[in-house]
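Since the structure comes first, as structure tokens, the remarks are kept for the end.
Where a number appears in this text, it was derived from the coordinates with a stated rule and is not lab data. All of these numbers come straight from a predicted model, not from anything done at the bench. Here Cβ is always computed from backbone atoms with ideal geometry, including for glycine, and neighbour counts include all displayed protein chains.
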Amino acid sequence: MTTALHTHGDKLTCFTAALASALAARGETQWWRPLLADGPFLAVTPAAALLRFEHHATPPLPALGLRITGDNDWDTAYSAISAQIAEHGVAVILADTYRLPWQRGHRRLHAPHWLAIVDEGGWVAEDPLSMTTEYGPQPGTRVHIPDPDKLRTWAVSLGATDRALTLREEAMAGTTDIAAHRTYRWLEADPARAQRTPQRADPDRQQSRLGSHHDPLRAQLDQQRLPLDPLRSPPRLDPPLPQPSPRPFGLGSEGLKPTGHMSADRDRLSGPDALRALAARYRFARTEADFDQIDDLWQALRQRELLLWAAEHDPGLLDEAGRAHWEQAVARWRTLPPLLLHARMRAASGKTADTGRLAETLSELAELEPGPRVPATSSPTGDHS
């Protein structure tokens, strides 16, 4: 079975698909390892009437030395994005499904959507995520970016319009400072992280016309001793895009301050306790609003689906007993989304939802949650591409 990213969008979330695309664009054939480190994991923290869901033992962005930044000025945003692509071959931006013509939600649904912009002789939007939406099947795709004006249209972010969506981004970033009110948002190296992570000397990169820039994804992979192919030379765009003066990768835009990570919350529950708390919460769910965050449990399933698939190609992730455990757990997890969707539809129509069966399933998953975990840092076992 191939490990090519575009064939595995059914095992990824919007967020992990974008990071996986960035890792793959940098030459990482085992792109799943940083996304699965010390997992699978689930934690919930009360946030007023909602919950903050966490799907990674360590928030992925700070783990990779990254943060969310943004700007209201397109020239500034484009300069930063183009600098990253010229230096690393890829940049990750935060867009809005409503504005992306290849998405089923185009002009129908506002939702944050993470994208990797990669260079392959010309700029391409890498969007491998595949799923079934309320508007039909959404396949993974790759879309050529014809010019900066088109990218400008696609790159407008959603903004802080939905608290549940904002909580999801905060959990990924490990901080409440996510540039939520900026028109354009993207990922950059966290300056605080850059100061702590030494950069390997690379004369070719240091002589780049953009100068020497910190590459946090590569630094994290070096710590895990994962192999990378040599970085490509600064790309040429086809057709050429105008090149404003680039900002060095890793420097924030004007007006932004370094992020402050969320402090530990004693109300935070993880592992089996999180699932038991969810069982109790959904047992008494009655209204449509009570089911607003069911996508977060769908994301938990996909993380475990990714683990099962990756373990087939990467024996260093789980031993035979570990794979057997998570095969059993994932089989039970797969029964959860239909129950959640059915309960939400019943509640939306004013009918009574079968929350007892839903709560029972979550309680059963709590018993299966304390399974073997992927090593936080593990040596590669070879190229399984």
Practice problem: Among 365, 341, rank each residue by its count of other Cβ atoms within 10 Å, from fewest to most, as a rough exposure measure. | Solution: 341, 365
Self-check item: Long-range amide H partners of residue 131 with built H, under 5 Å
Solution: 138
Exercise. Determine Rg/Rh for segment 5-223; Rg is computed over alpha-carbon atoms and Rh is the Kirkwood hydrodynamic estimate from the same atoms.
Key: 0.94
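Indicate the gyration tensor shape class of segment 271-368 (rounded, prolate or oblate), computed on the Cα atoms with a ≥ b ≥ c the square roots of the eigenvalues: a/c under 1.5 is rounded; otherwise a/b larger than b/c is prolate and the rest oblate.
Taking the square roots of the gyration eigenvalues as a ≥ b ≥ c, segment 271-368 is prolate.
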Quiz item: residue 324 to residue 273: FRET efficiency via 1/(1 + (r/R0)^6), r the Cβ-Cβ distance, R0 25 Å, to the nearest 0.05?
Solution: 0.55
Quiz prompt | Net lengthening on full extension, residue 150/residue 289 (0.36 nm per residue, minus Cα-Cα) | solution = 46.5 nm
Self-check item: Whole-number percent relative contact order across segment 1-60, with pairs defined as alpha carbons under 8 Å at least 6 apart
Solution: 23
Practice problem: Note down the nm distance, to one decimal, between modelled labels 7 Å out along Cα→Cβ at residue 107 and at residue 367. | Solution: 5.1
Self-check item: Whole-Å distance, taken between Cα centres, linking segment 55-112 and segment 346-360
Solution: 36
Quiz item: In nm, to one decimal, how far is the modelled label at residue 143 from the one at residue 181, with both set 7 Å along Cα→Cβ?
Solution: 2.9
Practice problem: Could you list 41, 284 in order of exposure, starting from the residue whose Cβ has the fewest other Cβ atoms within 10 Å? | Solution: 284, 41
